[in-house]
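Just below is one structure, and these are the notes that go with it.
The values are calculated or read from the model by the stated rules, or taken from the named source; none is laboratory data. Predicted model, so just to flag it, every value in this text is computed and none were measured. Positions of Cβ are generated from backbone atoms using ideal geometry, with glycine treated the same way; all protein chains shown enter the neighbour counts.
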């Protein structure tokens, strides 16, 4: 919202000679986004993530290099675009973040609580100052790993697996959750993401049932958020949307979060993955 | 491969295919999974309790009929929601448009990160154009610029406007707009200020 205000101010100041028609506003927003795209601080997170993957950590003093992200132990290239998927060892459908938490437990010996304690990083000036996962100056190992692993799928086609019955169930449940309206504002995901070409303030909203929109949305998370000075993951995106929907807190790596991500990944199937991206 | 193995392989493939079809989760299985997730994947934080996930009739019907809303369901929702509207006991439907503008600008309220004691805003600009000056407006709802200029400010229009903000679903079942009065997001007085913002001759909405 803060950046939107600034942007609105910039637009008001620099566009007096243009017609105030909506299309011009839209064009300026696009130009602003392209300007942002040119240098992306996500690279710093990616570099840290690559290092962390190889670093021995935890009670077992082990690295994550044998972690199976779905394509076999240690295979990172192309793993992100094939997730979420069913994993026989846990008996669950997992996205990247819940899978990394599993590997931190099984390979590095952390407790499940430790593995999930700080899923989102909190440097810079977080928009949500009471976020328990954040603390100014604190980084999230999870976020760094996600940045690097996602970057290893850049340019690849989004192709989640929805053949196993549990994957199918996660997808169908995710679809229902997308349409689930509740809370004091009657919101659901569909409130903001059910129609084409809509905005909240100046922020464009993807219609998630439209393949092109879903591909662009799914294909650009994780993303570095300029307004927060932080890299944010897909789990964070779900958590934050759900907060704004006035729902109770969506638990990190919960089944509902994974079902929603499975649904979105499937909607985005066939798109080109281009993340970590840069966001407003 | 031995020729005699081919029928066996075909049979096995057939088995996989049938199993594949049979294992596609049914609607009731999906419903059970969703109910389980609603129960297990969320936790109360601050004012946002897990009880918020329990749907009322309108929420349940709107979720169920998200694809297309049958006429009888939509009529039923509107009738039930109409009956919830409470007009101010003072009889005064319109307040101060300047207060209304502040409420329309504010998007806080009811999030677990919001102080429960702080009054909620109306988040109006999040979804609507209202005044000409505010360029940062959303488009989920229609533009309300010149709302009063086009409709006047008769008592009937005031009543309609108050009712629309109080319970949007009384006139449009499953509207994206929150039922601000019915769900206790905005107070009676706050709603009267928003009515003024929309209808007052001096409001920036009608300039």
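Numerical summary
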| read-out | value |
| --- | --- |
| Scan of region B:150-183 for residues that are assigned to a helix (DSSP H, G or I) and either in contact with a helix residue (DSSP H, G or I) (Cβ under 6 Å, 6 or more places away or on another chain) or touching a residue at least 60 places away in the same chain (Cβ under 8 Å) (or both), ordered by number | B:151, B:155, B:157, B:158, B:159, B:161, B:162, B:163, B:165, B:166, B:169, B:170 |
| Checklist (1) over 20 Å from residue B:81 (Cβ atoms); (2) part of a helix (DSSP H, G or I) applied to residue B:129, failing item | (2) |
| Residues (closer than 30 Å to residue A:170 by Cβ, part of a helix (DSSP H, G or I) and modelled with pLDDT of 95 or more) located in region A:50-89 | A:50, A:53, A:80, A:81, A:82 |
| Condition broken by residue A:200, with the remaining ones in (1) free of Cβ contacts under 8 Å to residues at least 12 places away in the same chain; (2) within 30 Å of residue A:53 (Cβ to Cβ) satisfied | (2) |
| Residue satisfying condition, being part of a loop (DSSP other than H, G, I, E, B) and either in contact with a strand residue (DSSP E or B) (Cβ under 8 Å, 6 or more places away or on another chain) or at pLDDT 95 or above (or both), within set B:32, B:86, B:24 | B:86 |
| Selection status of residue B:91, in a loop (DSSP other than H, G, I, E, B), on the phi > 0 side of the Ramachandran plot and more than 14 Å from chain A (Cβ to nearest Cβ) | yes |
| Some residue of region B:105-116 being at pLDDT 95 or above, assigned to a helix (DSSP H, G or I) and away from chain A (no Cβ under 11 Å) | no |
| Among (1) modelled with pLDDT of 95 or more; (2) farther than 17 Å from residue A:262 by Cα; (3) part of a loop (DSSP other than H, G, I, E, B); (4) touching a helix residue (DSSP H, G or I) at 6+ places or on another chain (Cβ under 9 Å) - the single one residue A:180 does not satisfy | (2) |
| Selected residue (only one of B:189, B:155 is surrounded by fewer than 19 Cβ atoms within 10 Å (Cβ to Cβ), over 20 Å from the mean Cα position of the chain (by Cα) and within 29 Å of residue B:53 (Cα to Cα)) | B:189 |
| Count - residues of region A:140-177 that are within 20 Å of residue A:209 (Cβ to Cβ) and part of a helix (DSSP H, G or I) | 11 |
| Matching residues in region A:243-280 - criterion: being outside any helix (DSSP H, G or I), within 14 Å of chain B (Cβ to nearest Cβ), in contact (Cβ under 8 Å) with a residue 60 or more places away in the chain and surrounded by 22 or more Cβ atoms within 10 Å (Cβ to Cβ) | A:245, A:246, A:247, A:252, A:253 |
| Hits in region A:199-242 (condition: closer than 22 Å to residue A:271 by Cα and assigned to a loop (DSSP other than H, G, I, E, B)) | A:206, A:207, A:208, A:209, A:210, A:219, A:220, A:221, A:222, A:233 |
| In region B:39-65, residue nearest to the chain's Cα centre (by Cα) [restricted to those that are part of a helix (DSSP H, G or I) and more than 7 Å from chain A (Cβ to nearest Cβ)] | B:58 |
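To keep it simple, each residue is scored yes or no on (1) more than 22 Å from residue B:107 (Cβ to Cβ); (2) more than 14 Å from chain B (Cβ to nearest Cβ); (3) touching a strand residue (DSSP E or B) at 6+ places or on another chain (Cβ under 9 Å).
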| site | (1), (2), (3) |
| --- | --- |
| A:189 | no, no, no |
| A:192 | no, no, yes |
| A:197 | no, no, yes |
| A:202 | no, no, no |
| A:205 | no, no, yes |
| A:209 | yes, no, no |
| A:215 | yes, yes, yes |
| A:219 | yes, yes, yes |
| A:226 | no, yes, yes |
